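Every read-out reported here was derived from the displayed coordinates using simple, explicitly stated rules and does not represent laboratory data. Quick caveat: nothing in here was measured; it's all calculated off a predicted structure. Cβ: placed from backbone, ideal geometry, glycine included. Neighbour counts: every protein chain shown.
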Amino acid sequence: MSPPLVLALETSCDETAAAVMEGATRLRGSAVASQAATHSVYGGVVPEVASREHLSRWQGVVGEVLAQSDCRLSDIDAFAGTTGPGLASALLVGCSAAKGLALACGRPFIAVNHIEGHLLSPFFGDEEIPAATALVVSGGHTLLVDIEGAGRYRLLGRTLDDAAGEAFDKVAKLLGLGYPGGPPVEEAARRGDAARFALPRSMKCSGDHDFSFSGLKTAVRYLLPQTAEGDTDDLCAGFQEAVVDVLVHKAVRAARQCRRRLIAVSGGVGLNRRLRERLEEAARGEGIAVRFAEPWLCTDNAAMVAYAAAQRRRNDGRDELGVDISPSLGADLFAAA
Ligand code: KG4
Ligand code: ZN
């Protein structure tokens with residue numbers, strides 16, 4: 001008998017995504033309809049606009065992944081949906097759609113925490129989840145998590161204010177570089193001098209595993225009146241270096257404290273090349289390996305949701321149709337640790 005087919009829907013923010021996985025190891029189809037262009041005129045995601053876009057696009061992406069997978073809805077063994085965290089009105093669309101498909105096909109619904117999707121994405125396609133220290137750095141989250149194995153997680157620390165990606169987005173907005181901010185800030189930083197502006201490394205030496213990035217963004221704002229357009233590259237380089245410095249320092253320290261030999265990085269900021277270089281270098285010095293999620297898995301997608309659903313063997317057979325959306329950080333993910 002072939003492994004079960006899971007169809008997952010992800011609509012927690014501004015990406016309408018669907019994927020089909022066969023067991024935990026074989027991706028049969030994946031499609032992402034990005035709304036970035038729609039939201040870029042506002043400099044950030046507008047929830048009401050996002051939910052309307054999800055509503056008009058979800059059937060298209062489901063049709064696309066079924067075609068890629070060469071299967072029909074009736075072949076699917078379980079339907080998964082992101083129940084949180086995320087924008088309430090956006091989550092509702094994908095979740096209600098996945099639940100509706102599950103009911104119509106007489107198959108179970110699997111509720112997936114979006115953070116678990118990111119958390120496991122560096123291991124995408126692997127049957128087993130190894131022990132690791134995980135750094136989740138996205139537009140909505142910045143977390144350090146100790147992973148013992150699938151479903152066994154301990155939250156070590158998180159941002160107390162802005163997420164790392166959010167800081168990139170806000171600084172990009174201040175500098176008129178557009179949304180999402182990560183790619184243009186990274187590009188400008190490559191041309192700039194990171195040492196020119198002294199910017200704060202908040203909580204770098206706080207002794208815990210938490211982060212804070214809002215003071216850094218404010219420091220950039222206070223520098224603006226004293227700078228000209230030609231200083232943008234140096235500002236971006238200084239800002240990026242400050243973010244990377246804190247992330248690298250705290251991720252390596254967490255791995256050392258938890259005695260893990262592997263750091264697993266996921267989320268959109270995981271695409272940042274400076275972060276990749278500096279983390280690899282720092283971890284190598286400590287004999288720690290680093291595994292980054294593949295670039296196409298770093299930003300929001302449904303393949304990571306399907307993979308997390310496939311990894312949650314403890315839920316086999318249990319229907320989670322009654323699980324409601326939960327827009328705030330799902331503490332349920334870490335309760336079992
Ligand atoms: O994982 P993701 O899709 O968002 C959430 O689930 O929240 O990641 C999007 C975030 C945005 O904040 C974006 O600016 C950031 O990832 N990002 C980057 C880069 N590419 C995307 N940040 C820094 N450097 C990049 N190259
Ligand atoms: Zn995400």
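Close Lys pairs in the chain (alpha-carbon distance under 27 Å; sequence gap of 8 or more, or different chains): 9.
Of the trypsin sites (Lys or Arg not before Pro) in region 70-158, the ones in a loop by DSSP (not H, G, I, E or B) with at most 16 other beta carbons within 10 Å are ARG72. A run of the chain free of exposed loop cleavage sites, with GluC sites (Glu not before Pro) counted only in DSSP states other than H, G, I, E and B and at most 16 other beta carbons within 10 Å, reaches its longest extent at 129-285. Just check region 128-192 against the gyration tensor rule for me: Cα atoms, a ≥ b ≥ c as the square roots of the eigenvalues, rounded for a/c under 1.5, and otherwise prolate or oblate depending on whether a/b exceeds b/c. Judged from the Cα gyration tensor, region 128-192 comes out prolate (a/c at least 1.5, a/b above b/c). A DSSP coil position with no more than 13 other Cβ atoms inside 10 Å describes the following trypsin sites (Lys or Arg not before Pro) in region 219-302: ARG259.
What is the distance in Å between the Cα centres of region 91-156 and region 164-194? What the calculation gives is 28 Å, centre to centre. Between PRO184, PRO327, PRO225, which gets the highest mean-square fluctuation from a Gaussian network model of the chain, Cα cutoff 10 Å? Its mean-square fluctuation being the largest, the pick is PRO225. Could you tell me the center-to-center distance, by alpha carbons, between region 18-68 and region 220-242 in angstrom? Taking the Cα centre of each part, region 18-68 and region 220-242 sit 34 Å apart. Relative contact order for the chain: 24 percent, from Cα pairs under 8 Å spaced at least 6 residues apart, divided by residue count. Based on C-alpha pairs under 8 angstrom that are at least 6 apart in sequence, region 1-79 has a relative contact order of 36 percent.
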